[in-house]
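Comments concern the structure below.
The values are calculated or read from the model by the stated rules, or taken from the named source; none is laboratory data. Here the structure is a predicted model, which means the values were calculated and not measured. Don't worry about glycine lacking a Cβ; one is built from the backbone with ideal geometry, like all the others, and counts go over all protein chains shown. Remember, those area values only see protein heavy atoms, side chains included, never the ligands or the DNA or RNA. Shrake-Rupley method; radii C 1.70, N 1.55, O 1.52, S 1.80 Å.
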Amino acid sequence: MSQPLIKFEKVWKTYGEGEARVNALAGVSFSIPRGEFVAIMGPSGSGKSTAMNIIGCLDTPTRGRYDFLGIDAGDLDRGRRAILRNRHIGFIFQGYNLLPRTTAAENVELPLVYRGIGAADRRRLALEALDQVGLANRADHTPAELSGGQQQRVAIARAIVTNPTLLVADEPTGNLDTQRSHEVMELLTSFNHERGLTIAMVTHEADIAEYADRTIRFLDGHIVSDGISAEAA
Amino acid sequence: MLWETIRLAMLSIRRNVMRSILTLLGIVIGVAAVIAMITIGSGTTEKVKSDIAKLGSNLLIVNAGRPPVPGSRPDRVIRELGDKEVEALRTHLEGARAVAGAAQKQVRVVYGNESLTVGVTGADPDFLVARDWQIASGRPFTDQEARGGAGVCLIGETVRQQFFGAGDPGDATIRVNKMSCKVIGLLEPKGTTGFGQDQDNVVIMPITAFQRRIAGNRDVDSIYISAEENVSTSDLQDSVEGILRDVRRVPADKDNDFNIRDMTQVAETMASATTVMTGMLGAVAGVSLLVGGIGIMNIMLVSVTERTREIGIRLAIGAHERHILVQFLVEATVLSLFGGLLGIALGLGLAYAASWVLSVPFVPSAAVVLLAVGFSALIGMIFGFFPALRGARLDPIDALRHE
Ligand SMILES: Nc1ncnc2c1ncn2[C@@H]1O[C@H](COP(=O)(O)OP(=O)(O)O)[C@@H](O)[C@H]1O
Ligand SMILES: [Mg+2]
């Protein structure tokens with residue numbers, strides 16, 4: 001198990017052509033072992049989301065190599081990456097991104113639908129996941145009937161219902177007040193501790209980053225610091 | 001999984017009921033038009049066939065005058081048919097079940113205070129045989145009555161209703177022109193023809209009486225000849241032609257100065273003409289289906305754009321391109337199918353209403369309905385494919401960023 005779950009080797013991501021050319025990532029290298037909780041920080045436009053998209057197999061490097069689970073994910077086609085995401089990766093977004101007019105339970109079931117799991121099992125697993133985020137009694141509510149904190153917890157249930165290896169969270173507390181933010185972080189930390197879920201999380205807030213084991217700082221597409229978080233130290 | 005997708009499609013259609021219905025209007029109207037056209041068309045074909053069958057089976061009708069040739073004027077002077085021709089056919093023609101001369105005139109018929117303009121026919125007793133016309137009650141006239149030109153007559157259902165209401169004509173005497181005529185029987189009802197002519201507004205009397213007291217001449221308007229069971233009408237037609245040319249002394253180098261219509265052929269010609277018409281109208285209606293398909297494509301493009309973010313979410317959490325493609329294809333198909341079903345209901349409704357108005361039979365065809373179902377599903381698939389593909393090919397990151 002010496003092999004890291006995530007390994008960036010001189011990863012470049014370039015957008016645009018000529019004058020408008022932007023290096024969102026400029027030869028970034030780092031790795032994340034299984035079970036680690038990593039916070040990624042940096043000013044706006046520094047390349048955090050770009051890195052997260054590649055980590056989450058939504059995107060591929062322009063140059064360099066990205067290994068996920070020891071597989072060269074940059075080399076996989078769309079379909080294979082979709083399968084990889086479905087089997088191994090859960091996503092949480094700043095804006096929750098639940099399907100509107102769809103109940104919490106149905107939202108949580110969604111990744112299971114694409115796994116081809118039957119309706120009864122789906123429902124059971126979704127209810128279990130909702131229970132784990134403390135929303136068992138909201139299973140049949142639609143997003144519009146839930147608060148921001150509750151919606152984000154439904155999103156967490158949807159991310160963990162498939163029991164993934166990696167959780168990718170891009171500013172998960174960006175839209176939440178301090179108290180809801182800490183509730184969400186407590187949840188993520190518990191999944192990290194109890195299941196050994198690897199977490200890569202972007203945040204702007206230092207007190208949120210403190211929940212992580214390690215913090216990587218980006219600036220202009222480069223890593224400027226990579227170290228053990230204050231609390232974990 | 002497929003069931004799931006269908007359920008999802010239904011949900012999404014339900015969420016935009018008004019928009020869905022407006023979108024579907026093209027398909028609904030297209031399918032309704034096709035169904036209505038074809039159903040009314042086959043009803044008309046049926047009607048034409050049965051009308052002609054009502055004239056009698058294996059029937060030849062002879063009239064005076066050259067056969068009508070398109071583009072040439074009809075003869076100015078027509079040599080009428082007469083008893084001589086009827087007699088000749090009766091004596092010499094083989095293979096005929098019945099030969100009957102008949103003459104006709106619109107005449108005012110009076111009974112008590114009631115009067116009615118009726119198509120009065122003077123006919124030989126065999127006329128009813130030739131035309132397969134049954135007597136509902138009473139009796140036909142005898143040969144003796146026919147020869148003697150007796151004042152007896154058979155009346156049609158319309159005439160009975162006008163004069164006797166719900167009652168029985170009994171031995172009533174009606175006045176036809178200035179002639180008194182005893183009602184001896186009631187003809188079985190035949191209904192109206194496809195051209196709206198009431199075939200029951202008739203009075204039939206011996207032709208001798210008709211010629212003497214109504215027409216005032218010895219002319220025979222038409223000769224009805226029905227073929228025996230296994231005699232072909234075209235063979236019979238040849239024999240009739242020979243006998244008539246003979247008796248009318250038509251020189252060998254001259255055309256017939258009479259015409260013979262084979263009603264079986266007329267029936268076939270007319271039926272195939274209405275079938276062609278139906279097909280053409282159906283094709284025109286089919287074009288509106290194409291317009292409906294473009295409507296579906298349009299709405300699906302809107303739907304894909306509106307739900308870009310949803311597509312992004314689905315792709316991010318592991319939906320395959322194929323899943324998105326199928327989802328939108330199913331949605332387009334269900335939508336179109338729904339429109340098709342509405343269209344079928346509407347089309348059948350229209351055809352039913354039209355069958356009342358045109359008094360043709362209502363003949364819905366299961367094959368046509370199934371075809372419409374299949375066709376509307378196909379339209380959904382074809383026109384839904386491009387929008388669905390567009391959704392499936394979206395980049396998940398872009399799609400997630402979409403507002
Ligand atoms: N799809 C894209 N097309 C062009 N430029 C992009 C695209 N995505 C990101 N960028 C650029 O790449 C840089 C890094 O962006 P991003 O990774 O979103 O930063 P962060 O998440 O740290 O704010 C920015 O300069 C941004 O404008
Ligand atoms: Mg960002």
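Taking the conditions (1) surrounded by fewer than 24 Cβ atoms within 10 Å (Cβ to Cβ); (2) part of a helix (DSSP H, G or I); (3) of a type in the set (Val, Ile, Thr) in turn, A:Thr102 satisfies each one other than (2). Of the residues making up the range B:289-311, those that are open to solvent by 20 Å² or more (accessible area, probe 1.4 Å) and either touching a His at 6+ places or on another chain (Cβ under 9 Å) or not acidic (Asp, Glu) (or both) are B:Leu290, B:Val291, B:Ile294, B:Gly295, B:Met297, B:Asn298, B:Ile299, B:Leu301, B:Val302, B:Thr305, B:Arg307, B:Arg309.
Under the condition of being open to solvent by 60 Å² or more (accessible area, probe 1.4 Å) and within 9 Å of ligand 1 (Cβ to nearest atom), the residues counted in the range A:4-22 number 3. In the range A:89-102, of all residues being under 22 Å from A:Thr173 (Cα atoms) and among the polar types (S, T, N, Q), the one that is nearest to the other protein chains (Cβ to nearest Cβ) corresponds to A:Asn97.
Of the listed requirements (1) within 16 Å of ligand 2 (Cβ to nearest atom); (2) in contact with a strand residue (DSSP E or B) (Cβ under 8 Å, 6 or more places away or on another chain); (3) part of a loop (DSSP other than H, G, I, E, B), A:Gly95 misses just one: (2). Among the residues making up the range B:363-401, those that are under 22 Å from A:Gly79 (Cβ atoms) and open to solvent by less than 80 Å² (accessible area, probe 1.4 Å) are B:Gly384, B:Pro387, B:Ala388, B:Leu389, B:Gly391, B:Ala392, B:Leu394, B:Asp395, B:Pro396, B:Ile397, B:Ala399, B:Leu400. Residue pairs whose Cβ atoms lie under 6 Å apart, sitting 6 or more positions apart in sequence or on different chains, and linking a residue in the range A:68-88 that is within 13 Å of chain B (Cβ to nearest Cβ) and closer than 19 Å to A:Arg34 by Cα to a partner that is among the aromatic types (Phe, Trp, Tyr) and open to solvent by less than 40 Å² (accessible area, probe 1.4 Å), are A:Asn86/A:Tyr114. Counted as qualifying within the range A:1-90 are the strands (runs of 3 or more DSSP E) with 2 or more residues that are within 16 Å of ligand 2 (Cβ to nearest atom), namely A:6-15, A:22-32, A:37-41. Counting only residues that are more than 13 Å from B:Val276 (Cβ to Cβ) and either open to solvent by less than 20 Å² (accessible area, probe 1.4 Å) or β-branched (Val, Ile, Thr) (or both), the range B:36-46 holds 4 of them. Taking A:Ile71 as the residue in question, decide whether it is surrounded by fewer than 16 Cβ atoms within 10 Å (Cβ to Cβ), more than 8 Å from ligand 1 (Cβ to nearest atom), among the β-branched types (Val, Ile, Thr) and closer than 28 Å to A:Leu112 by Cβ. Yes.
A:Leu127 meets the conditions (1) away from every other protein chain (no Cβ under 14 Å); (2) surrounded by fewer than 18 Cβ atoms within 10 Å (Cβ to Cβ); (3) free of Cβ contacts under 8 Å to residues at least 24 places away in the same chain in every case but one. The failed one is (2). Only residues that are farther than 16 Å from A:Ala209 by Cα, in contact with a Phe, Trp or Tyr (Cβ under 8 Å, 6 or more places away or on another chain), within 10 Å of ligand 1 (Cβ to nearest atom) and open to solvent by less than 30 Å² (accessible area, probe 1.4 Å) were counted in the range A:23-53, giving 5.
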